[in-house]
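*Asks:* Here you go, one structure.
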Amino acid sequence: MLRLDCLRSVYSELENYLVVTIMGAVAAELHSLGHRPNFFYLQHAMGLASSTGLGLALCLPERSVIVFDGDGSLLMNLGSLTTMARYRPRNLVHVVFDNESLLSVGGFPTATSAGTDLEGIARAAGIPRAVTVRSVENFRTALADAAHSNELTTIIAKVEATGPSGYITDLSLLENRFQFRRHIQSLKKS
Amino acid sequence: MPVSLTNSKLIYETLKECDIRLVSALPETWLVHLIRLTDEDPEMTLLRLAKEEEAVGISAGAHFAGIKSAMLMQNHGFMASINGIVSFAHLYKIPLLMLISYRGTFGERDPWQTQGGNATEPLLRALGIPYFFLDQVEAVKKRIRHAQTLAESSLQPVAVLLTRDLMWEE
């Protein structure tokens, strides 16, 4: 399963979410499908995309928030699963693209390549719903189920360790950040 | 416990007056009253963290959502947050109001706090983080308010160091 195909399969539905991605391939691939003002790409600070999504979800309980995380990033901030589970916002979906690799630094294998089970960790941390998917169809279904469940869900999507040739986009970090905040403020007024 | 309840209340009232509605915290002795006051206030959201760096992401999310937040942590927690501060808050110009208990300086009895005491101010200076001390009761309100004003106007992390003189009664 390719991460890009997963993202493409749900791209139209992302209109309904505030989207936070990690750096590297996830950001570049989502951006390649077409940037929207409700997308924020956290191009560094590995591990903090889930924390950002948690902050957004708790502050905006009437909005749906989705985080596109990765195995390398999540492994740097496993404690975030326990904090998310503790406050378990119903409007947050936490997707982890698990390619068992730190792809953007040359493919260093992560612990998930050696048996670490992120779904199991999420579940044991107390995340109410945790699933692993291995096909695009199941990914789509898992996201739809998460939205309908009205419960904090972590979806581990096992994907191949391939990505785009480069990661730099034409969207400056600050432009993205100010546009994202302005977009959220405009939603609050409407 | 000789942590000052009076001064903790004063700090807490100021946070409320500054329109802070979300506080991320990790427990530390000097912060017990502040964390409890936050927890007991229905108008305030308290997030108890596993590690202080999470607070950088949470406060960024709150900022995007238009909610003012504060971070309560020990100076060792500040040190544990530095990558987040640099590669999120500085990189993306995110305002952070960091209230940091300044352990390990003059008067510290716990040997394990002392190295962090030495490193705190040099690190704040190296990172270019504006900071000042909260050491006098009469300056508490003004200094916290001014710290928040600067964080919001400059879109950067600002640190307020909570000192033994203010937080501890013996």
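The values are calculated or read from the model by the stated rules, or taken from the named source; none is laboratory data. Since we're looking at a predicted model, the values are computed, not measured. Backbone-built Cβ (ideal geometry, glycine too); neighbour counts: all protein chains shown. These accessible areas exclude ligands, DNA and RNA; they are computed on the full protein's heavy atoms, side chains included. Shrake-Rupley method; radii C 1.70, N 1.55, O 1.52, S 1.80 Å.
*Asks:* Among the residues of the range A:11-51, what is the count of those that are within 11 Å of another protein chain (Cβ to nearest Cβ), among the hydroxyl-bearing types (Ser, Thr, Tyr) and assigned to a helix (DSSP H, G or I)?
*Replies:* 2
*Asks:* Does the range A:178-190 hold any residues that are open to solvent by less than 60 Å² (accessible area, probe 1.4 Å) and either touching a helix residue (DSSP H, G or I) at 6+ places or on another chain (Cβ under 8 Å) or acidic (Asp, Glu) (or both), and which are they?
*Replies:* A:Phe180, A:Ile184, listed by residue number.
*Asks:* Something else now. How about the range A:90-174: which strands (runs of 3 or more DSSP E) wholly inside it have at least 1 residues that are in contact (Cβ under 8 Å) with a residue 24 or more places away in the chain and surrounded by fewer than 23 Cβ atoms within 10 Å (Cβ to Cβ)?
*Replies:* A:129-133, A:153-158
*Asks:* Can you tell me which residue within the range A:74-88, out of those that are within 11 Å of another protein chain (Cβ to nearest Cβ) and open to solvent by less than 10 Å² (accessible area, probe 1.4 Å), is nearest to A:Gly126 (Cα to Cα)? I'd like the intermediate steps shown before the answer.
*Replies:* As a first pass, look at the range A:74-88 and keep what is within 11 Å of another protein chain (Cβ to nearest Cβ): A:76-87.
From what is left, the residues that are open to solvent by less than 10 Å² (accessible area, probe 1.4 Å) are A:80-81, A:83-85.
Details: A:Ser80: 11, A:Leu81: 8, A:Thr83: 9, A:Met84: 9, A:Ala85: 5 Å.
Of everything passing the filter in the range A:74-88, A:Ala85 is nearest to A:Gly126 (Cα to Cα).
*Asks:* Looking at B:Pro111, is it away from every other protein chain (no Cβ under 14 Å) and within 30 Å of A:Arg177 (Cα to Cα)?
*Replies:* no
*Asks:* Quick one: what pairs do we get from the range B:62-89, first residue among the β-branched types (Val, Ile, Thr), second open to solvent by 10 Å² or more (accessible area, probe 1.4 Å), C-beta under 6 Å, 6+ apart or different chains?
*Replies:* Qualifying pairs under 6 Å: B:Ile67/A:Cys59; B:Ile67/B:Arg21.
*Asks:* Let me ask you something else. Looking at (1) surrounded by fewer than 19 Cβ atoms within 10 Å (Cβ to Cβ); (2) more than 8 Å from every other protein chain (Cβ to nearest Cβ), can you tell me which one B:Ile11 breaks?
*Replies:* Unmet condition: (1).
*Asks:* Consider A:Ala57 carefully, then state whether it is surrounded by 24 or more Cβ atoms within 10 Å (Cβ to Cβ) and part of a loop (DSSP other than H, G, I, E, B). Walk me through it before giving the result.
*Replies:* Numbers: surrounded by 24 or more Cβ atoms within 10 Å (Cβ to Cβ): yes; part of a loop (DSSP other than H, G, I, E, B): no.
No.
*Asks:* Quick test for you: out of B:Ile58, B:Ile100, B:Ile144, B:Ile94, pick the one residue that is part of a loop (DSSP other than H, G, I, E, B) and either closer than 30 Å to A:Gln185 by Cα or away from every other protein chain (no Cβ under 14 Å) (or both).
*Replies:* The match here is B:Ile94.
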